[in-house]
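Scroll down for the structure; my scribbles are underneath it.
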Amino acid sequence: PTPLPSEPALPGPTPGPTEVVPLGPTSTPAPPAGSQLIQVYWIALEDNGLAGPLVGCGDSAVPVSVEIPPTQGVLRAALEYLLAQKEAYYGQSGLYNALYQSDLAVDDVLIVDGAAAIYLTGSLLQGGECDAPRIQAQLEQTALQFSTVQSVSIFINEVPLDEVLSLQGP
């Protein structure tokens, strides 16, 4: 068979920019559209405030950025993420989680004129006398990261956190 001569290009609109269509998950997935980063605070043990705000017993409160689904309730989402972590240390970071033994849930979060009131329910367990300031720092610093929060009051089963911590003891 003899080859046919190629047809001349027809005049017409030039193609626009090529649209890239994702073909599914890759080895490094992009963050979901609209996800947001928040910070959750962990404890750097015995570093005397080098890595973040000084916490009792010579520790530091250290922020770690985590990705959450889009939400208007970022403070609630940050606290829920923090309370869901049940390991003593956060990943391979070496950062301590003083809340890991506790079984707490976010009941309500109210922010009025810069004052956040956080209501938790459940049981709070401490691993020793140094865990009280660590627990307080993890919860308060996680709340204070947001520009709408200038002060924080935390309640566990309707009792102020500092009372729960002092009554419970190590």
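Things to note:
- Loop GluC sites (Glu not before Pro), segment 63-170 (other Cβ atoms within 10 Å of the site Cβ: 15 or fewer; DSSP): 87, 129, 158
- Restriction of the chymotrypsin sites (Phe, Trp or Tyr not before Pro) in segment 56-135 to DSSP coil positions whose beta-carbon has at most 16 other beta-carbons within 10 angstrom yields 100.
- Pair-distance profile P(r), taking every C-alpha pair of segment 93-170, with 10 angstrom steps and integer %: 18, 53, 26, 3
- Angstrom value of the Kirkwood radius, inverse mean 1/r, which spans all Cα pairs in segment 25-170: 15.7
- Which of 130, 57 is most accessible, then next, and so on - probe 1.4 Å: 57, 130
- Per residue solvent-accessible surface (Å²) - segment 81-170, probe of 1.4 Å: 50
- Taking the DSSP bridge list for segment 99-170 and keeping only pairs wholly inside it, about 65 percent are antiparallel.
The values are calculated or read from the model by the stated rules, or taken from the named source; none is laboratory data. What you see is a predicted model, and the numbers here were worked out from it, not measured in a lab. Neighbour counts are summed over all protein chains in view; Cβ atoms, including those assigned to glycine, are modelled from backbone coordinates with ideal geometry. Side chains are part of the model used for accessible areas, which takes the heavy atoms of the whole protein and leaves out ligands, DNA and RNA. Shrake-Rupley method; radii C 1.70, N 1.55, O 1.52, S 1.80 Å.
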